[in-house]
1. Name the most mobile residue of 128, 98, 211, meaning the one with the largest mean-square fluctuation, in a Gaussian network model of the chain with Cα contacts below 10 Å.
2. Let me test this: with uniform point scatterers at the alpha carbons of region 91-187, what is the Debye-based log₁₀ I(q)/I(0) at q = 0.15 1/Å?
3. Based on the alpha-carbon gyration tensor of the chain, what equivalent-ellipsoid semi-axes (square roots of 5 times the eigenvalues) come out, in whole Å, largest first?
4. Just subtract the alpha-carbon distance of residue 268 and residue 120 from 0.36 nm times their residue separation and send over the number in nm, one decimal.
5. If I stretch the segment between residue 236 and residue 70 completely, what's the gain in nm (0.36 nm per residue apart, minus their alpha carbon distance), one decimal?
6. Within a 10 angstrom radius of the beta carbon, how do 137, 178 rank from fewest other beta carbons to most?
7. Starting from the Cα coordinates of region 197-271, work out the convex hull volume and express it per residue in Å³.
8. Debye sum, Cα scatterers, region 38-118, no solvent: what log₁₀ I/I(0) at q = 0.24, 0.25 1/Å?
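Each value in this text was obtained by applying a stated rule to the coordinates, not by laboratory testing. This is a predicted model, so every value here is computed, not measured. Heads up, the Cβs are rebuilt from the backbone with ideal geometry, glycines too, and the neighbour counts pull from every protein chain shown.
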């Protein structure tokens, strides 16, 4: 897929590693530096939608409608309170989607087809500012929804929590990405690995950081998201951390991460 739009799947089959937090706050930080960003929530829990202030009753069209072919991404997108940041919300309708898609021959390509249509739609309307980034917030499992995200994406961004079981499943995720690259999406890359909930005071955080950097090498971002209570509080207020508390560690870390993501994207384009 070519064009100005870059599609990044934020994925790790382990729950509680900061996927949704990263999708919301990286999206907000990218928007804050002038990028036009769309988050695509494909987690049936819909936490990314709640975290940017889209109430359950304010989701008439969702990612379920996009994946089942009833709506385009452009029509499903709603604006958030953050300028330049929109979201395609999700709800529990997605739970039944896998069973519905099982018979469909194009089931791994549903989202890719929708993204291709979005790129065509953007080209057809040159007077409108196109989205620069599409961030896909994946569910915490390697299911058909995550498969769709990886087939549609240019690259995967992997959040890894600095805790004891962090490396469990990482090699499995890497194998899955390699498998999808070999069979369904030859252009798929790992954009980067971000260490979340890092606490420099603990030996465990340092140990996990060392192991993850040894496993992924330069793919690991220099920026780490420090453990910060404000980051955990923000979603309950329906606000990204940069809106909830701009001066806290969490906000500053996500701004640095956004800068690093943009730098990597520029290097990829220049290569």
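1. Result: 128 has the largest fluctuation of those listed.
2. At q = 0.15 Å⁻¹ the computed log10 ratios are -0.74.
3. Values for the chain, descending: 26, 21, 19 Å.
4. 51.1 nm
5. This chain segment gains 56.7 nm when fully extended.
6. By the 10 Å Cβ count, ascending, the order reads 178, 137.
7. 100
8. For region 38-118, the Cα-only Debye profile gives -1.15, -1.22.
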